[in-house]
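Each remark here refers to the structure printed beneath this line.
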Amino acid sequence: MEVLGHLAISWLDPWLLFLTAAGTLAGIYVGAIPGLSVTMATSILISFTFKWQVNEALALIAGVFVGGVYGGSRTAILLNIPGAPSAIATALEGYPMAKRGEAGEAIGLTTVMSVFGGFVGIVALAMFAPLISSFAIMFNSRDYLLLGMIGILLVGTLSGESFAKGAFAGALGVLIGMVGLDPMTAEGRFTFGSITLMGGIPYVAAMIGFFGVAEALSQLNNLDLPVIKQKIDRIIPKLADVKRYFRLALRASGIGTIIGALPGTGGDIAALLAYDDARRTTRNPEVPFGKGCKEGLVAPEVANNAAVGGSFVPMLTLGIPGDAVTAVIIGALFIHGLKPGPLLLVETPHLFWFTVGNLVLANIFLLIFGLTGIKIFTKIVECPKAILISLIIVLSAVGTYAIQNNPSHVYWMLGFGVAGYFLKTYGFQVGPIILGVILGPMMDSNYRRAMIGARGDVGTFLWDFVSHPISLVLSIAFALMLLSQTPVWRPIVARLRRGS
Amino acid sequence: MSEPSPPSARRPGELLFSLLLAVFSVTAFWQSYAISGFSGLSEPGVFPMLASATMLISSLVILRDVVSKPATADAGFAQFRRDIVPARLIVVVGFILAYVITMPLLGFLVSSAGFLFLSFWYLWRKGPLVAAILTVVSLGAIHVVFRQVFQVVLPQGSLIQGMF
């Protein structure tokens, strides 16, 4: 009964209801506009929610996340430009459908199926997070250190041009997170005697700089791209279609939830894997894959929305963000004085169940907004980039300033924005940097606790990594990850395949 | 996308950028060492040293990869200016810099109005009147949403405090 009460908080409070709806709507539009990412929107929004109640902030952010993941599919279908990486597979089938005059049908089908995937992800979150959380209480300092390193490395290796660039970005983030007074000894690290630096570099300035300003500067190169217009017809999907793709949607939901729950992976990988699965398992599709096949449209959309629920699992239970967006959300939780991790469900269970209930609500709003207002939507998406870029920069500056009313944070934001522009231009991903900024201090304190526990003896410290079952499993996972990035990996895999 | 394939040729300025990363990593390692040296394994400088050592090793790998790529014939300074730091980028960064410097002095409304007007005019090229109207409309909307609805404290400006 108590759980139901927490679940229904955002359903019964008109202000929270409004914030969830506004977040979902904003997420759909932000996610749909190519170049504007959900991560960017979330990081800018967080700064404005700093002085709010945590429930209000979470309601808005959850709405933006759910809406944004879905929003990317709209422009993928209408313009063949995925609004987000998770909509790349959607564009492969959605745009050919739009060219056949079936844009409305494609949007309607993706909306209904995305909501279905979203619900499956939320059910998985509600069922498995408490289990994982109770298991994670057994984790030791070294396990958290390993989890942090695995999370950063996975994001770095899966999303960038090369392992070295991912590792560099993650380590750079850790270093940025180290700036300030050491919480254990109060010794200054990279402060250069500056009182401002002693307080550290705020996450939000880094997030907004790397995701907001850097993205806006990158978009300056795309100002002159022509606007493509599409005609929209029927939007509500046929019931027969929904029934026909139910089994496929269920399978894609499973893929999405599991992939979303793995640290370092997210909706984009889930969508591609589900698309690949649909292509391999669909026999005799009505239309071949790549030519506007509905199975190929449904699978990635279901999977990327299911991944939202999945990605909350490691974030809330282990304190490890699954991807860049959850890294930003975890930053918001820290700002609001919460510590995501196994104790979150023990100490603040209301917050967990509130999040679950709120995600359900966001999906309901997604269904409503997804099936309406398409004509206004096409007009807004056509908004010139020149206007959007200027507005993003103003919002970024105000958002950064609003955290502590400190002008120096705005300079940091600009500095990170310019650095982020060059890093992105030369093929670096900024996601691992933010993960590093957020996880760096946690990894540092856990490393030192583990080392103190080993009485400063390197041999004991290393032995602990292989002599405890949880640490051993995580160490093997970490070692395999590192090995998979070396030239010896392929021959090993080839030999194993031949052997099997 | 999971793994965008890196371009086969060196991008303009990529070699210099990679070199700068390596130099930055060396400096970061040196600064990390300066925190507590090698005095103990649980000292505050150990983890920064591990992070900066990772940066240094990866920056050297990146540098090696960049050096091994063939340089395109047009990878000179002119190409770098055109592709990587075009005039538009320099101008907009200049606008932003002026904006963030003037914000604490002139306050949110005046500095944002100036920034929005200039950037709309420069980037959209629809004339000063359109830029001015758009500035007033968008600034009004931002002010209502963030100041009135969300109660966000916006910078007042030390030079013209109380006027806006």
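We did not get these values from a lab; they are worked out from the coordinates using the rules stated. Since this is a predicted model, take the numbers as computed values, not measurements. We place every Cβ from the backbone using ideal geometry, glycine too, and count neighbours over all the protein chains shown.
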Counting only residues 5 or more apart in sequence or on a different chain, those whose built amide H sits under 5 Å from that of B:GLY45 are B:SER36
About its Cα centre, chain B carries a charge dipole, from +1 on Lys and Arg Cβ atoms and -1 on Asp and Glu Cβ atoms, whose size in debye to the nearest 20 is 520 debye
Kirkwood Rh over alpha-carbon pairs of the stretch A:278-429 plugged into Stokes-Einstein at 37 °C, 0.692 mPa s gives a D in µm²/s of 167 µm²/s
For A:LYS243, counting only lysines whose alpha-carbon sits under 26 Å away and dropping same-chain residues fewer than eight positions off, the answer is A:LYS99, A:LYS291, A:LYS294
Excluding residues fewer than 8 positions from A:LYS165 in its own chain, the lysines with Cα under 19 Å of it are A:LYS424, B:LYS69
Given Cβ charges of +1 for Lys and Arg and -1 for Asp and Glu, the option among B:PHE108, B:PHE24, B:LEU60 whose Cα lies farthest towards the positive end of the dipole of chain B is B:PHE108
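Give me the dipole magnitude in Debye, nearest 20, for the protein assembly as shown about the Cα centre, with unit charges on the beta carbon: positive for Lys and Arg, negative for Asp and Glu.
1500 debye
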For chain B, inverting the pair-averaged 1/r of distinct alpha-carbon atoms gives a Kirkwood value in Å of 20.4 Å
For the stretch A:233-338, listing GluC sites (Glu not before Pro) in a DSSP loop whose Cβ sees at most 14 other Cβ atoms within 10 Å gives A:GLU286
Phi angles of the stretch A:213-224, converted by Karplus (6.51 cos²θ - 1.76 cosθ + 1.60, θ = phi - 60°) into ³J(HN,Hα) in whole Hz with x for Gly and Pro, give 5, 4, 5, 4, 5, 5, 5, 4, 6, 10, 5, 8
Expected vector for the stretch B:111-118, Karplus 3J(HN,Hα) from phi with 6.51, -1.76, 1.60 and θ = phi - 60°, integer Hz, x for Gly and Pro, equals 5, 5, 4, x, 5, 5, 4, 5
Final fewest-first order of A:VAL287, A:VAL430 on the 10 Å Cβ neighbour count is A:VAL287, A:VAL430
Measuring from the longest principal axis of the C-alpha atoms of chain B, the long axis of helix B:14-36 (C-alpha) lies at a number of degrees, nearest 10, equal to 80 degrees
Taking every alpha carbon pair in the stretch A:285-335 and sorting the distances into 10 angstrom bins from 0 up to the bin holding the longest one, the percent per bin comes out as 24, 34, 19, 17, 6, 0
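Across peptide A:181-190, what mean number of C-beta atoms from other chains lies inside 10 Å of a residue's C-beta?
Per residue, the average neighbour count from other chains is 4.
So how do B:THR27, A:THR282 line up by other beta-carbon neighbours within 10 Å, fewest first? Present the calculation step by step, with values, prior to reporting the outcome.
Details: B:THR27 12, A:THR282 17.
Ordered from fewest to most neighbouring Cβ atoms within 10 Å, B:THR27, A:THR282 come out as B:THR27, A:THR282.
Would you tell me the mean number of C-beta atoms belonging to other protein chains that fall within 10 Å of each C-beta in A:395-408, as a whole number? Display every interim value, and only then the final one.
Numbers: counts 4, 2, 9, 10, 2, 1, 8, 7, 0, 0, 5, 1, 6, 2.
Rounded to a whole number, the mean comes out at 4.
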The ³J(HN,Hα) series, computed from each phi in the stretch A:137-149 with the Karplus coefficients 6.51, -1.76 and 1.60 at θ = phi - 60°, rounded to the nearest Hz and given as x for glycine or proline, is 4, 6, 5, 9, 4, 5, 5, 5, 4, 5, 4, x, 5
Distribution output for the protein assembly as shown: share of Cα-Cα pairs per 10 Å bin in percent, first bin at 0, values 3, 15, 26, 28, 20, 7, 1, 0
Under 5 Å from the placed amide H of A:LEU181, counting only residues 5+ away or on other chains, we find A:ARG189, A:GLY200
The rounded separation in angstrom of the Cα centers of the stretch A:69-141 and the stretch A:279-319 is 7 Å
Summing -39500 (n - 2.57) over every DSSP H run of at least 4 residues in chain A and dividing by its residue count gives a helix-only mean residue ellipticity at 222 nm, to the nearest 500 deg cm²/dmol, of -24000 deg cm²/dmol
Cα-based Rg and Dmax for the stretch B:41-126, in Å, come out at 21.2, 62
Averaged over the residues of B:92-105, the number of partner chain Cβ atoms within 10 Å of each residue's own Cβ comes to 5
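Obtain the radius of gyration and the Kirkwood radius of the stretch A:1-160 from its C-alpha atoms and give Rg over Rh.
Details: Rg = 18.4 Å, Rh = 17.8 Å.
That ratio is 1.03, to two decimals.
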Under the 7 Å Cα-to-Cβ spin-label approximation, B:ARG125 and A:VAL473 lie apart by a distance in nanometres of 6.0 nm
Per residue, the convex hull enclosing the alpha carbons of the stretch A:374-485 has a volume in Å³ of 223 Å³
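What's the ranking of A:340-349, A:433-442 by average number of surrounding C-beta atoms within 10 Å, highest first? Let's see the in-between values first.
Details: A:340-349: 17.9, A:433-442: 27.7.
Going by the mean number of other Cβ atoms within 10 Å, highest first, we get A:433-442, A:340-349.
Quick check on the stretch A:328-384: what are the equivalent-ellipsoid semi-axes from the Cα gyration tensor, as sqrt(5λ), descending, whole Å?
Values: eigenvalues 234, 51, 7 Å².
Over the Cα atoms of the stretch A:328-384, the semi-axes work out to 34, 16, 6 Å.
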Exposure-ranked with fewest Cβ neighbours within 10 Å first, A:ILE403, B:ILE62, A:ILE208 stand as A:ILE403, B:ILE62, A:ILE208
Helix A:407-425 sits off the longest principal axis of the Cα atoms of chain A, rounded to the nearest 10 on a 0 to 90 degree scale, by 70 degrees
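Which of the peptides A:385-397, A:323-335, A:417-429 is most tightly packed, and how do the rest follow, going by the mean number of other Cβ atoms within 10 Å of each residue? Could the numbers behind the result be given before it?
Working: A:385-397: 23.7, A:323-335: 25.6, A:417-429: 20.9.
Listed from highest to lowest mean packing, they are A:323-335, A:385-397, A:417-429.
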